[in-house]
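Since the structure comes first, as structure tokens, the remarks are kept for the end.
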Amino acid sequence: MKVLSKIGRYFLMLKSIFGKFTKWKILKQLILKDIDTLIIGSLGIVSFISFFVGGVVAIQTALNLENPLLPKNLIGFATRQSVILEFAPTFISIIMAGKVGSYITSSIGTMRVTEQIDALEVMGINTYNYLIFPKIVALSLYPLVICISMFLGVFGGYMACVYGGFSSSSEFIEGIQLDFISFHVTYAFIKTAFFSFILATIPSYHGYFMTGGALEVGKASTVSFVWTSVAIILLNYLVTQMLLT
């Protein structure tokens, strides 16, 4: 019953977010601040991880192609499929649940502990809209981050494969183009759109409704990361089941 109560409170929170809107002049500044913190501030770590994991995927694929009858272009094919279908949208989203989700939970949780949220409510401000809506709008740009991740993942695989001597440049590029299905990219972006909403709302829920003092902020961030990751993995399964089967 406690879980059902929390789920119900989460959906009531979502309803309240789109209730009384904050003035656009104030909301615009909050959105721009969140874009800078949540999106632009995440590009560095996402780019670094994407490039090197793409390289690792290509190397591991090459090392498992021991049969000389298997064409080398399968390395590019496997790298493309791995990066576009799962690594970029799902794996990066779980990493972002730790980076972005923890930041959202701790920042809102700190405002709850220091009674700043109570002060905003006394002034008649819809705190749900004021605190959470800008994060939803900012993370609507999250698919652009995943697009960069896809490119750098495949590029990292290309660099590792070609300069590691596992295949030629033409073979790897041929593998990238082999049996390309454009819907796979669409599928990845559909997943990413759902993940971005989860990344904005579940950490916000745990920060907004946390209780206790400063020590509980860290605990709330940990719980937020766990539940955000679980939601991403479950939603990943459901979306894949609906769109690819």
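With an 8 Å cut-off on Cα pairs and a minimum separation of 6 or more residues, tell me the relative contact order of the range 176-240 in percent.
Values: 24 pairs, mean separation 22.5, N = 65.
Answer for the range 176-240 is 35 percent.
Do you know the relative contact order of the chain, to the nearest whole percent, from alpha carbon pairs under 8 angstrom that are 6+ apart?
Result for the chain is 35 percent.
Residues Met123, Met210, arranged from fewest to most other Cβ atoms within 10 angstrom of their Cβ, appear as Met123, Met210.
Suppose R0 equals 30 Å; then what is the FRET efficiency for Lys20 and Ala193 from their Cβ-Cβ distance, rounded to the nearest 0.05? Write out the running numbers ahead of the final one.
Numbers: r = 26 Å, r/R0 = 0.86.
That pair, Lys20 with Ala193, gives E of 0.70.
How would you rank 213-225, 85-97, 68-80, highest first, on the average number of other Cβ atoms within 10 Å across their residues? Write down the numbers at each step before the final one.
Working: 213-225: 16.2, 85-97: 22.0, 68-80: 18.8.
Taking the mean over residues of other Cβ atoms within 10 Å, the ranking is 85-97, 68-80, 213-225.
Using the Cβ-Cβ distance between Leu144 and Ile181 with R0 = 25 Å, the FRET efficiency computed as 1/(1 + (r/R0)^6) comes to roughly 0.70.
Between Lys28 and Met123, what length in nm is gained on full extension when 0.36 nm per residue of separation is reduced by their alpha carbon distance? Can you show the working numbers first?
Values: separation 95, 0.36 × 95 = 34.20 nm, distance 1.94 nm.
Fully extending the segment from Lys28 to Met123 adds 32.3 nm.
Bridgeable aspartates and glutamates around Lys191 (alpha carbons under 15 Å apart, same-chain partners fewer than 8 residues away excluded): Glu86.
How would you rank Ile146, Ile17, going from fewest to most other Cβ atoms within 10 Å of each one's own Cβ? Mind dumping the intermediate values first?
Details: Ile146 25, Ile17 21.
The order, fewest Cβ neighbours first, is Ile17, Ile146.
Give a quick list of trypsin sites (Lys or Arg not before Pro) in the range 16-68 that DSSP marks as loop, anything other than H, G, I, E or B, with at most 15 other Cβ atoms within 10 Å. Passing both the DSSP loop test and the Cβ count: Lys20, Lys23.
Basic side chains Lys and Arg get +1 at the Cβ, acidic Asp and Glu get -1 at the Cβ, and with that the dipole of the chain about its Cα centre reaches some 860 debye.
Among the listed pairs Lys2/Lys23; Lys2/Lys28; Lys6/Lys33, those with a Cα-Cα distance over 31 Å are Lys2/Lys23; Lys2/Lys28.
Applying 1/(1 + (r/R0)^6) with r as the Cβ-Cβ distance of Thr37 and Leu69 and R0 = 35 angstrom yields a FRET efficiency of 0.10. In the chain, the longest principal axis of the Cα atoms and the axis of helix 182-208 are about 30 degrees apart.
When each of the peptides 126-133, 9-16, 158-165 is scored by the mean number of other C-beta atoms lying within 10 Å of its residues, the order from highest to lowest reads 126-133, 158-165, 9-16.
Bear in mind that the values in this text are calculations on the coordinates, not laboratory data. Note that the structure is a prediction, hence the values are computed from the model and not measured. Note: ideal-geometry Cβ built from the backbone for every residue, glycine included; neighbour counts use all protein chains shown.
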